[in-house]
Amino acid sequence: MDMTLYRHEDYYKSQIKNQVILLAQEEGIPVHELEDRLNRWKADWSATHDGHQPSFGNTLLGALGVSIERSVDLRRRAIRPEDYLSSDALLAETLETLSRRFRLVLVTNNPADIAERTLAVLGVGRFFPQIIGLDEAGESKPSPKAFRLALKALAAAPEVVVSVGDRYAVDLEVPLSWGMGGVLVETMEDVYSLPGVFPEVR
């Protein structure tokens, strides 16, 4: 969802920054010290994973031992999509077209209630009747669990499902290894062009 259904660098950075500030306050350590610890862990992880970047939830877990439950709580207190995002008519038109042809499920590393608020601000909540959030999966992508839950929600085999996302290692690598399709989107123009990516099936 984040940086796939919208592009807003300041908002994306604020999600991480606000969580770091809250966590530093709760742990009683300076923000810069916490950031240094996270950055060192990310650099070490990236060096052993072909340069890919870990999700923020997995960074907190790996670097500091922050549980997923605590990560969910931090996100609920730190993330405010209403302060940054607005309705996107072209996105709504795109998803309207896709929803006439496909069943859509949202898989996100944020809690489902944050996702619902984000979709509402963007004006596209009606297109995602099912959301697999961090609070339900209990593990951060690219853990297979979230994708497994999505397949269960769709009651579909991997071969007829396509994962769309902005990060290959987080959103596409696991689905592709299962035989699912995958589409990497790097700009909103990529997202708006999705209806033309999939051939009509008659």
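The values are calculated or read from the model by the stated rules, or taken from the named source; none is laboratory data. Just so it is clear, the structure is predicted and the values come from calculations on it, not from any experiment. Cβ placement follows ideal geometry from the backbone for every residue including glycine, while neighbour counts extend to all protein chains displayed.
Screening the range 26-79 for helices (runs of 4 or more DSSP H) wholly inside it with 3 or more residues that are acidic (Asp, Glu) returns the ranges 31-47. The residues of the range 17-41 that are among the hydrophobic types (A, V, I, L, M, F, W, C) and within 14 Å of LEU61 (Cα to Cα), listed by number, are VAL20, LEU23, LEU34, LEU38, TRP41. Condition first: under 21 Å from VAL170 (Cβ atoms) and within 17 Å of the chain's Cα centre (by Cα). Can you find one or more residues in the range 23-42 that meet it? So far as the range 23-42 goes, no, none of its residues is under 21 Å from VAL170 (Cβ atoms) and within 17 Å of the chain's Cα centre (by Cα). Per the conditions (1) more than 16 Å from the chain's Cα centre (by Cα); (2) crowded, with 17+ Cβ neighbours inside 10 Å; (3) within 30 Å of ASP88 (Cα to Cα), the sole criterion not satisfied by LYS17 is (2). Here is the figure for the range 172-202: residues that are in a helix (DSSP H, G or I), under 17 Å from SER99 (Cα atoms) and of a type in the set (S, T, N, Q) total 0. Residues of the range 138-166 that are of a type outside the set (Phe, Trp, Tyr) and touching a strand residue (DSSP E or B) at 6+ places or on another chain (Cβ under 8 Å): LYS141, ALA146, LEU149, ALA150, ALA153, LEU154, VAL161, VAL162, SER163, VAL164, GLY165, ASP166.
Tallying residues that are modelled with pLDDT of 95 or more and touching a Gly at 6+ places or on another chain (Cβ under 9 Å) within the range 46-67 yields 1.
Within the range 98-109, can one find any residue that is under 17 Å from the mean Cα position of the chain (by Cα), over 25 Å from VAL161 (Cβ atoms) and in contact (Cβ under 8 Å) with a residue 40 or more places away in the chain? Taking every residue of the range 98-109 in turn, none turns out to be under 17 Å from the mean Cα position of the chain (by Cα), over 25 Å from VAL161 (Cβ atoms) and in contact (Cβ under 8 Å) with a residue 40 or more places away in the chain.
To keep it simple, each residue is scored yes or no on (1) in contact (Cβ under 8 Å) with a residue 60 or more places away in the chain; (2) surrounded by 18 or more Cβ atoms within 10 Å (Cβ to Cβ); (3) within 30 Å of SER67 (Cβ to Cβ).
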{"site": "ASP113", "(1), (2), (3)": "no, no, yes"}
{"site": "SER140", "(1), (2), (3)": "yes, yes, yes"}
{"site": "PHE147", "(1), (2), (3)": "no, yes, yes"}
{"site": "ALA155", "(1), (2), (3)": "no, no, no"}
{"site": "TYR168", "(1), (2), (3)": "yes, no, yes"}
{"site": "PRO175", "(1), (2), (3)": "no, yes, yes"}
{"site": "VAL185", "(1), (2), (3)": "yes, yes, no"}
{"site": "PRO195", "(1), (2), (3)": "yes, no, no"}
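Looking at ARG76, ARG148, ARG70, just one residue is farther than 28 Å from GLY196 by Cα, basic (Lys, Arg) and under 17 Å from the mean Cα position of the chain (by Cα), and that residue is ARG76.
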